[in-house]
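What follows is one structure encoded as structure tokens, with my remarks underneath.
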Amino acid sequence: MQLYLKNSLTFFAFTLVYFLGFNTIAQDKSTRPSPPAQVSREVGGITISLSYGQPSVKGRKVWGELVPYGQVWRAGANEATTFEIDKDATIEGTTLPAGKYGFFVIPSEEKWTLIFNKVAVQWGAFKYDEKQDALRVSVQPKKSSQFNEKLLYTISPKGKVSLLWENVEVAFSVNQ
């Protein structure tokens, strides 16, 4: 009986250590094919921050295929992209209160709809709810000056936020 109990405890301890270790490895997001990325900058007294999953082109046609036109996209990979401002700001001239938002887009060849959704933490756009939108604005995409293998967000010193991926750049202004 004691040998059985000892072997059971050893098996239990081994199993516990194995699964705890596996869980720790599974939570290491930096090893994902589309690893997490962040950009943040203070512009005119407002701190602007974006967190996103950074997919790669990998020889695929992105716009209109991998990311379909006319559908809500999470503007990154994995979890929904988040956009955060620490003070009220204007986005393309329309006020957005300070806070953290899920950032989504609806791309098309001629114009993109940028969406700032009150539900910041969600996986992809699978449970996206238009009723939770805090703001929608439209901007025009343009051909980027260089090919971008990985999705990249930049924030200029003057508050221009740009999404750059493949051969497209989509920019919007953030001001106080």
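The numbers here are math on the coordinates, done by the rules we state, and not lab data. Keep in mind that what you see is a predicted model, and the values were worked out from it rather than measured. In this analysis, Cβ positions are derived from the backbone assuming ideal geometry, glycine residues included, and neighbour counts consider all displayed protein chains.
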Seminar exercise, completed: Output for segment 23-171 (equivalent-ellipsoid semi-axes, sqrt of 5λ from the C-alpha gyration tensor, Å, descending) is 22, 19, 16
Problem set entry | segment 30-93 pair-distance distribution - Cα-Cα, 10 Å bins, rounded % | 18, 39, 31, 12, 0
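Segment 105-173: which trypsin sites (Lys or Arg not before Pro) are DSSP loop and have at most 16 other beta-carbon atoms within 10 angstrom?
On the way: sites: LYS111, LYS118, LYS127, LYS131, ARG136, LYS142, LYS143, LYS150, LYS158, LYS160; in loops: LYS111, LYS118, LYS127, LYS158.
Passing both the DSSP loop test and the Cβ count: LYS111, LYS118, LYS127, LYS158.
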Exercise. Hey, got the dipole for segment 66-176? About the Cα centre, +1 on K and R Cβ, -1 on D and E Cβ, debye to the nearest 20?
Worked result: 100
Problem set entry | segment 69-125 - percent relative contact order, Cα under 8 Å, separation 6 or more | 41
For this session: Could you tally up the Lys pairs in segment 75-170 with alpha carbons closer than 17 Å? Skip any pair fewer than 8 positions apart unless they're on separate chains.
Result: 12
Exercise. Hey, any idea what Rg/Rh is for segment 68-146, computing Rh the Kirkwood way over Cα pairs?
Worked result: 0.97
For this session: Could you estimate the translational diffusion coefficient of segment 128-176 from the Stokes-Einstein equation, with Rh from the Kirkwood formula over C-alpha pairs, at 37 °C and 0.692 mPa s, in whole µm²/s?
Result: 268
